[in-house]
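Chemist: Would you mind keeping the following structure in view while I ask a few things?
The values are calculated or read from the model by the stated rules, or taken from the named source; none is laboratory data. This is a predicted model, so every value here is computed, not measured. Every residue, glycine among them, receives a Cβ derived from its backbone with ideal geometry; neighbour counts consider all protein chains shown.
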């Protein structure tokens, strides 16, 4: 098992104080006063660790950033207004027109839309490959692609990347390796596996309560020797390298957040920290429940898909690399949308919504909602079939969940 006892001890204290107000203080101010002209100059130069202006971050968000960086073992973090804000910040801070991004595996619909439609409008081209297409991924990286982007678990296709193998390729060809770890906080620690940047939609599992929209990017430390960002392909970033180990944080804030304004608000950061305190407890509970529920459904003949089941193509990787689970998702496939709708409307426990990672079990038909605007080729690439239903398992009892799902399955026709 992962170090849940370590995180159960660490996380509640990262967001609390031992003197004065125990809970994190919410600082809603948009602007901050400087003690002198000299201090203002030092703050804007990044030499004085005090807030510049709320668009560049606020003290409550700083508390969250410090906690997330500690949790991931990073040199620093930047909290954003949403998970998509975190992805947009990373892309716009580290890439420019003419650059190429490689995406491996399935992607959340918003990420796919940004990569396939929005970024190309600004001259950044994305190539999409299967998560196991290592030869083609390597060929693209060797020919100059500057970034590889993967999800720790494909949402919703549930394919599992070999993060360590992909990290080796990125190091070999000096490409930035970005892992969206939204589904597997604490379970997968990408920075320790060779990733350069980890992104989160903290709206999901980190918060757990559907009350706070937010995102974050966590960055590894800049190396004194052998730093890939010091190469010619990243020449536009060289002025920031003198900022030291946490230079990537400054790159993100100065090259993206300052101009695009995807900054987190103080109240959202406060609510996110409330969820973070119980993350380890919830993670252990949910991932145990997902595996039990998947097996119970499989035994009842439900067409359920989850990597813990032996009929999944990445079951071997799940057993080897995801010993504590792979997040809250499982899917059930139906022959038609009509069957899927009938099934969903017969469920008693799950909430039908587009969110995931909630304390409650959630369910949604994919093709008619999040993925309704994509063409057939895109749907095939992301593993979206006409009858696919995605579940995000919550804190409920696995037997109760399975009984409800099986009952609805039997009523689907």
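Chemist: With 110, 105 as the choices, which residue is surrounded by fewer than 23 Cβ atoms within 10 Å (Cβ to Cβ) and at pLDDT below 95?
Modeler: None of the other options fit; the residue is 110.
Chemist: While we're on this one: Scan the range 365-387 for residues that are under 17 Å from residue 129 (Cα atoms) and surrounded by fewer than 17 Cβ atoms within 10 Å (Cβ to Cβ) and jot them down.
Modeler: Within the range 365-387, 375, 376, 377, 380 meet the criteria.
Chemist: Do we have any residue at all in the range 42-50 that's over 22 Å from residue 271 (Cα atoms), assigned by TED's automatic domain parsing to the domain that holds residue 248 and under 21 Å from the mean Cα position of the chain (by Cα)?
Modeler: No, every residue in the range 42-50 fails to be over 22 Å from residue 271 (Cα atoms), assigned by TED's automatic domain parsing to the domain that holds residue 248 and under 21 Å from the mean Cα position of the chain (by Cα).
Chemist: While we're here: From (1) more than 30 Å from residue 193 (Cα to Cα); (2) surrounded by 15 or more Cβ atoms within 10 Å (Cβ to Cβ); (3) touching a strand residue (DSSP E or B) at 6+ places or on another chain (Cβ under 8 Å); (4) modelled with pLDDT under 95, pick out the condition that doesn't hold for residue 335.
Modeler: Against the list (1) more than 30 Å from residue 193 (Cα to Cα); (2) surrounded by 15 or more Cβ atoms within 10 Å (Cβ to Cβ); (3) touching a strand residue (DSSP E or B) at 6+ places or on another chain (Cβ under 8 Å); (4) modelled with pLDDT under 95, residue 335 comes up short only on (2).
Chemist: Assess whether residue 303 counts as being surrounded by fewer than 16 Cβ atoms within 10 Å (Cβ to Cβ), in contact with a helix residue (DSSP H, G or I) (Cβ under 8 Å, 6 or more places away or on another chain), modelled with pLDDT of 95 or more and more than 27 Å from residue 114 (Cα to Cα).
Modeler: no
Chemist: While we're looking at this one, here's another question. Collect the residues in the range 1-50 that are in a helix (DSSP H, G or I) and surrounded by 14 or more Cβ atoms within 10 Å (Cβ to Cβ), keeping them in residue-number order.
Modeler: Within the range 1-50, 4, 7, 8, 10, 11, 12, 14, 39, 40, 42, 43 qualify.
This table checks each residue for (1) more than 22 Å from residue 395 (Cα to Cα); (2) touching a helix residue (DSSP H, G or I) at 6+ places or on another chain (Cβ under 6 Å).
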site	(1), (2)
183	no, no
193	yes, yes
204	no, no
214	no, yes
219	yes, yes
225	yes, no
270	yes, yes
275	no, no
286	no, no
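Chemist: In the range 167-190, how many are touching a strand residue (DSSP E or B) at 6+ places or on another chain (Cβ under 6 Å) and either in a helix (DSSP H, G or I) or within 24 Å of residue 70 (Cα to Cα) (or both)?
Modeler: The number of residues fulfilling the criteria is 10.
Chemist: Restrict the check to the range 279-287 and report whether at least one residue is over 20 Å from the mean Cα position of the chain (by Cα), modelled with pLDDT of 95 or more, over 29 Å from residue 75 (Cβ atoms) and in a helix (DSSP H, G or I).
Modeler: No, the conditions are met nowhere in the range 279-287.
Chemist: Taking the range 60-71 as the region of interest, how many residues are under 12 Å from residue 198 (Cα atoms) and crowded, with 24+ Cβ neighbours inside 10 Å?
Modeler: The qualifying residues number 1.
Chemist: For the range 55-166, give me every one of the helices (runs of 4 or more DSSP H) that falls completely inside it and has 2 or more residues that are more than 22 Å from residue 263 (Cβ to Cβ) and outside the structural domain of residue 372 (by TED's automatic domain parsing).
Modeler: 109-113, 134-142
Chemist: Another one. Any residue in the range 400-412 that is closer than 26 Å to residue 130 by Cβ, surrounded by 21 or more Cβ atoms within 10 Å (Cβ to Cβ), within 26 Å of the chain's Cα centre (by Cα) and outside the structural domain of residue 104 (by TED's automatic domain parsing)?
Modeler: no
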